[in-house]
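Starting off with a structure, shown below.
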Amino acid sequence: HILISILHKKMSIINDINIAAKHIQEGNLVAFPTETVYGLGANALDPLAVAKIFEAKERPSFDPLIVHIGNLNQLEQLVKENDERIYKLAEKFWPGPLTIVLPKSDIIPDLVTSGLPTVGIRMPGNDIALDLIRTSNCPIAAPSANKFGRISPTTALHVKKQLPGVDYILDGGKTTVGIESTIIRLTDKGFQILRNGIITKEDLETIIPHDAKSKIESLSAPGMLKSHYSPRKKLLIADAKSSNTNLSKAGLISFSGELEKAYAKVIRVSDKKDLKDYAVNMFEAMHTFEDDNDIETIIAEPVEETGIGIAIMDRLRKAEFNWRED
Ligand code: TXA
Ligand code: MG
């Protein structure tokens, strides 16, 4: 009986992949799970298909897309550079939540890169995503599958909530990393981080040196605006001031457990104070409170800005930005 249900599960997944891949080949959009967040995918080599991504997300065209690959042969077609450091990074971190920005080849439409001469490439660490790319037989351009500026999706339901019109959604359950990939670019001296994620500077330094020469602010990836990942309700990072809000209508995203007392509702993101759990559960907690009619304000507990804490605080600050009063 168990074997039959496993076979059945496997079969239905294979079927889904075939339908999804057909959509990709026909120039339609498919939402699919990655290990970070759900992506909204299209054939990266088909400008008309890529245009549908910008339309569905209401995304400004100055914000370039990441191209997802299923094997290293695809990489060679997409980039001009043949730097051996790419392969060292790939060996250690791919498939996985690392995006590398590289000089692009001519086969990538300008719309994908917003006219930039570079393209962000990653091989996602999720079997459904890899299967989709391989079955579609083309690289897949995919931003996170949310409306521009809103909370990123970590379940198929989150995608449906924001993008009900998508042609096809592959459901792979809840994502296992929970925040978007680390984005880097290579320099003569080493690497620079354009967006923080769970692969940290220290992780990357085990492979190539960090280049601290230029200031990170001036390098920040295009499309990385001050406001992002934003719920429709007020979100504040807990501090002395946020305790002035009406706590009987506030939901707390709790990490340490120490602030929980006065809040109407609490979502504890980790039971062992592990920052990885904060990353995994943060966006889901925002979605839950956004959908909860009893909650007016979302308060998120801050964490120390080291290691993965840097990526977590980056997301919280951007989610808070529009709601901050000072
Ligand atoms: O984990 C992820 O990276 C997820 C999943 C779906 O793979 N994708 C994702 O895509 O977060 P998106 O579109 O939400 O964020 C991509 C960001 C852009 O906003 C931009 O800042 C940066 O990647 N980016 C893309 N291409 C770039 C380039 N050529 N140079 C610099 N930054 C680039
Ligand atoms: Mg996004």
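Past 28 Å, Cα to Cα: identify those pairs from K57/K201; K234/K273; K174/K241; K160/K276; K161/K273, in the order given. Provide the component values of the computation, followed by the final result.
Working: K57/K201 30 Å; K234/K273 25 Å; K174/K241 34 Å; K160/K276 26 Å; K161/K273 30 Å.
Over 28 Å apart, Cα to Cα: K57/K201; K174/K241; K161/K273.
Let me ask something else. Out of residues 5 or more away from Y168 or on other chains, whose amide H comes under 5 Å of its own, with H placed 1.01 Å from N in the peptide plane?
Amide H neighbours of Y168: A31.
Please list, or write none, the lysines whose alpha carbon is within less than 18 Å of the alpha carbon of K80, excluding same-chain residues fewer than 8 places away.
Cross-link targets: K88, K104.
Going from most exposed to least, what order do M224, M123 have by accessible area with a 1.4 Å probe?
Working: M224 40, M123 15 Å².
Largest to smallest exposure gives the sequence M224, M123.
Under the classification rounded if a/c is under 1.5, otherwise prolate if a/b is larger than b/c and oblate if not, where does the range 132-248 fall, given a ≥ b ≥ c as square roots of the Cα gyration tensor eigenvalues?
On the way: a/c = 2.19, a/b = 1.10, b/c = 1.98.
Judged from the Cα gyration tensor, the range 132-248 comes out oblate (a/c at least 1.5, b/c at or above a/b).
Then there's this: What are the residues whose amide H is under 5 Å from the amide H of I66, where those residues sit 5 or more places off or on another chain and H is modelled from the backbone?
A142
Please list, in order, the residues from the range 247-261 whose amide nitrogen is less than 15 Å from a point placed 7 Å along the Cα→Cβ vector of K273.
It comes to 254-260, nothing else.
At 1.4 Å probe size, what's the solvent-accessible area of E260? Round to the nearest 10 Å².
Near enough 40 Å² of accessible area.
Find how much the distance from K241 to R134 grows on full extension, using 0.36 nm per residue of separation minus their present alpha carbon separation; answer in nm with one decimal. Walk me through the intermediate numbers first.
Values: separation 107, 0.36 × 107 = 38.52 nm, distance 5.07 nm.
Full extension of this stretch gives 33.5 nm more.
In debye to the nearest 20, how big a dipole does the chain give about its Cα centre with +1 on each Lys and Arg Cβ and -1 on each Asp and Glu Cβ? Please report the intermediate quantities before stating the final value.
Working: 40 positive and 44 negative charges, 62 e Å.
It works out to roughly 300 debye.
For the chain, list the DSSP H helices whose alpha carbon atoms reach 15 Å or more along the long axis and whose average Kyte-Doolittle value is 0.0 or above?
Values: long enough: 2-25 (34 Å, 0.64); 47-57 (16 Å, 0.71); 275-290 (22 Å, -0.13); 308-320 (18 Å, 0.19).
Result, helices passing both filters: 2-25, 47-57, 308-320.
Follow-up question, since we're still on this one. Using protein chains only and a probe of 1.4 angstrom, how many square angstrom of F321 are accessible, to the nearest 10?
80 Å²
Sum up the charges of everything whose Cβ sits under 11 Å from the Cβ of V166, counting Lys and Arg as +1 and Asp and Glu as -1, but leave V166 out.
Numbers: positive: K52, K57, K160; negative: D167.
Counting the neighbours of V166, the net charge comes to +2.
Another one. When the chain is fully extended, how far beyond the present Cα-Cα distance does K226 get from E81, taking 0.36 nm per residue of separation?
49.1 nm
Relative to the Cα centre, what is the charge dipole magnitude of the range 125-266, using +1 at the beta carbon of each Lys and Arg, -1 at the beta carbon of each Asp and Glu, and rounding to the nearest 20 debye? If you can, show how the numbers build up before the last one.
Values: 20 positive and 14 negative charges, 173 e Å.
For the range 125-266, the charge dipole is close to 840 debye.
Now for a different question. Which FRET efficiency value, to the nearest 0.05, is calculated for D188 and F321 with the Förster distance at 41 angstrom and r the Cβ-Cβ distance? Spell out each step's value before the answer.
Details: r = 34 Å, r/R0 = 0.83.
Using R0 = 41 Å, I get an efficiency of 0.75.
Specify whether the C-alpha gyration tensor of the range 29-126 places it in the rounded, prolate or oblate class, a ≥ b ≥ c being the square roots of the eigenvalues: rounded for a/c under 1.5, otherwise prolate if a/b is larger than b/c and oblate if not. Intermediate values should be presented prior to the final figure.
Values: a/c = 2.06, a/b = 1.31, b/c = 1.58.
Cα axes put the range 29-126 in the oblate bin.
Treating the beta-carbon of each Lys and Arg as +1 and of each Asp and Glu as -1, no other charges, what is the dipole magnitude of the range 109-178 about its Cα centre, to the nearest 20 debye? Please list the in-between numbers first.
Numbers: 7 positive and 5 negative charges, 61 e Å.
Dipole magnitude for the range 109-178 comes out near 300 debye.
How much accessible surface does T36 have with a 1.4 Å probe, in Å² rounded to 10?
Surface open to solvent at T36 totals about 10 Å².
Apply the a/c threshold of 1.5 to the C-alpha gyration tensor of the range 219-326 and tell me whether it is rounded, prolate or oblate.
Values: a/c = 1.63, a/b = 1.20, b/c = 1.35.
Cα axes put the range 219-326 in the oblate bin.
What does the helix-only formula give at 222 nm for the chain: each DSSP H stretch with n ≥ 4 adding -39500 (n - 2.57), the total divided by the residues, and the result rounded to the nearest 500 deg cm²/dmol? It would help to have the intermediate numbers written out before the result.
Numbers: 11 runs with 111 residues, N = 326.
Calculated mean residue ellipticity at 222 nm is -10000 deg cm²/dmol.
Only bridges with both residues in the chain count here: give the DSSP antiparallel percent, nearest 5. Can you show the working numbers first?
Numbers: 17 of 40 bridges.
Looking only at bridges with both residues in the chain, the antiparallel portion is about 45 percent.
Right, something else. Roughly speaking, to the nearest percent, how much of the chain's 1.4 Å accessible area is carbon and sulfur? Write out the running numbers ahead of the final one.
Values: 7870 of 15080 Å².
Within the chain, the accessible surface is 52 percent carbon and sulfur.
The values are calculated or read from the model by the stated rules, or taken from the named source; none is laboratory data. For clarity, every value in this text was computed on a predicted model and none was experimentally measured. Cβ coordinates were reconstructed from backbone atoms using ideal geometry, including for glycine residues, and neighbour counts include every protein chain displayed. With ligands, DNA and RNA removed, areas are computed over all heavy atoms of the protein, side chains included. Shrake-Rupley method; radii C 1.70, N 1.55, O 1.52, S 1.80 Å.
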